[in-house]
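> Dumping the structure here so I can ask a few things about it.
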Amino acid sequence: MKKIKTIVFGLGNIGLLQDINKKHEIYSHSKSVSISKKFDLVGAIDISKKNRQVFLKKYNKPVFKNIRDFKDKNISFDLAIISLPTKLHLKFFIKLSKLNFKYCLFEKPAGNNRSEFLKIKKIALNKKIKLFVNYIRLYQKKYNIINRYLLDKNFATFYYNRGLMNNCSHLISFCLFNFGNVKKLKITRKNKSFNGDIQPSFLLEFKKIKANFVNVSKSNMSFNELNIINKRNIIYSRDNFNSVFQKKNSYKKKSNKKILFLRDKKLQLTVLNEIYKFITNESKNSKKTFIRLTKNFIDVHRVLNLIKIKNKNF
């Protein structure tokens, strides 16, 4: 199959800058597409002149200030990657959907709320565009090994910071995909917002596990870090670690840590490779998994909306 022609809309951190000075890590959309053997980077759009210059110097591909300038060049593409600010997702996608393309990868959570995402989904359905949302752990099967440690005692605490929508949505998506629907939701503490993004502590109750989400004050904790604890196990990783570890949760003696798996330094390339399988139907269960992913994207917004409502009334 020929390469999937791809354009990146939005050249902020995840679109371009996150790995601009890194040799081995692949965290941005631009870098992942540019080095992929399955995708072809055909250009980008960003309102920032500085970011456009960085992109042009790094990748030597066409880059535009807005969608109007891009349309004038009649550049064909198959996949649109939208890494714009969340508040612009719906408005931009309405304009973009008038062009001819087949696939779209949104930076999470794809719209400000469930209502916006459902509008995006409806437009995509009418235009026969396949939608994906960049919840990175959904595309990395090795994270499934964590489940058996979490279900061990039917209760786990997930630590997060830097916003409910920005960071915690990754963990909510992971739980929904692995543990099913939320049976009960309770706000346990109201905390300071992060750049306008609320970040309460709360409890989600699933059929087989209760998940306690605790906001922590560490301001530099990244989306790529893990800190999950239950009565028996601690699952953790840090930005400067190459692995995800497990150790016994014991205060009586020092616990030896065990490597569960090596952390992926090519995150976005892994996401692209998994999306390619859906596009080409390489996987036996690609259609079934795609339906499950789409349900997850909707369910995350439903839970986020409930948390916002309950937090407001707390």
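> Note down all Cβ pairs under 9 Å where the first residue falls in the stretch 158-171 and is outside the structural domain of Ala211 (by TED's automatic domain parsing), the second is among the hydroxyl-bearing types (Ser, Thr, Tyr) and crowded, with 20+ Cβ neighbours inside 10 Å, and they're at least six residues apart or on different chains.
Listed by first residue and then by second, the contacts come to nothing, as the list is empty.
> Among the numbered conditions (1) modelled with pLDDT of 80 or more; (2) outside any loop (DSSP other than H, G, I, E, B); (3) surrounded by fewer than 20 Cβ atoms within 10 Å (Cβ to Cβ), tell me where Leu204 comes up short.
(3)
> For residues in the stretch 115-148 being part of a helix (DSSP H, G or I) and polar (S, T, N, Q), which is nearest to the chain's Cα centre (by Cα)? Even if it seems obvious, please write down each step before you answer.
Initially, the stretch 115-148 is screened for residues part of a helix (DSSP H, G or I), giving 115-127, 136-139, 141-148.
Retained after the next criterion (residues that are polar (S, T, N, Q)): 115, 126, 144, 147.
On the way: Ser115: 19, Asn126: 24, Asn144: 16, Asn147: 19 Å.
Applying the filter and picking the extreme gives Asn144.
> Run Lys57 past the list (1) surrounded by 13 or more Cβ atoms within 10 Å (Cβ to Cβ); (2) assigned to a helix (DSSP H, G or I) and report the number of the one that doesn't hold.
(1)
> What's the total number of residues in the stretch 171-220 that are more than 21 Å from the chain's Cα centre (by Cα) and among the polar types (S, T, N, Q)? Full working, then the answer.
Restricting attention to the stretch 171-220, the residues satisfying the condition of being more than 21 Å from the chain's Cα centre (by Cα) are 183-192, 203, 205-210, 217.
Retained after the next criterion (residues that are among the polar types (S, T, N, Q)): 188, 191, 217.
Selection size over the stretch 171-220: 3.
> Lys98 - would you say it is more than 19 Å from the chain's Cα centre (by Cα), assigned by TED's automatic domain parsing to the domain that holds Ser48 and surrounded by fewer than 17 Cβ atoms within 10 Å (Cβ to Cβ)? Lay out the reasoning, then the answer.
Values: more than 19 Å from the chain's Cα centre (by Cα): yes; assigned by TED's automatic domain parsing to the domain that holds Ser48: yes; surrounded by fewer than 17 Cβ atoms within 10 Å (Cβ to Cβ): yes.
Yes, satisfied.
> Does Leu176 qualify as being surrounded by fewer than 19 Cβ atoms within 10 Å (Cβ to Cβ), touching a residue at least 60 places away in the same chain (Cβ under 8 Å) and either assigned by TED's automatic domain parsing to the domain that holds Ser243 or in contact with a Leu (Cβ under 6 Å, 6 or more places away or on another chain) (or both)?
No.
> Among the residues of the stretch 256-306 satisfying the criterion of being assigned to a strand (DSSP E or B) and surrounded by 14 or more Cβ atoms within 10 Å (Cβ to Cβ), which is modelled with the lowest pLDDT? Spell out the reasoning first.
Keep residues of the stretch 256-306 that are assigned to a strand (DSSP E or B), which gives 258-262.
Then drop every residue that is not surrounded by 14 or more Cβ atoms within 10 Å (Cβ to Cβ), which leaves 260-261.
Values: Leu260: 76, Phe261: 72.
Checked the stretch 256-306; the qualifying residue modelled with the lowest pLDDT is Phe261.
The values are calculated or read from the model by the stated rules, or taken from the named source; none is laboratory data. Predicted model, so just to flag it, every value in this text is computed and none were measured. Backbone-built Cβ (ideal geometry, glycine too); neighbour counts: all protein chains shown.
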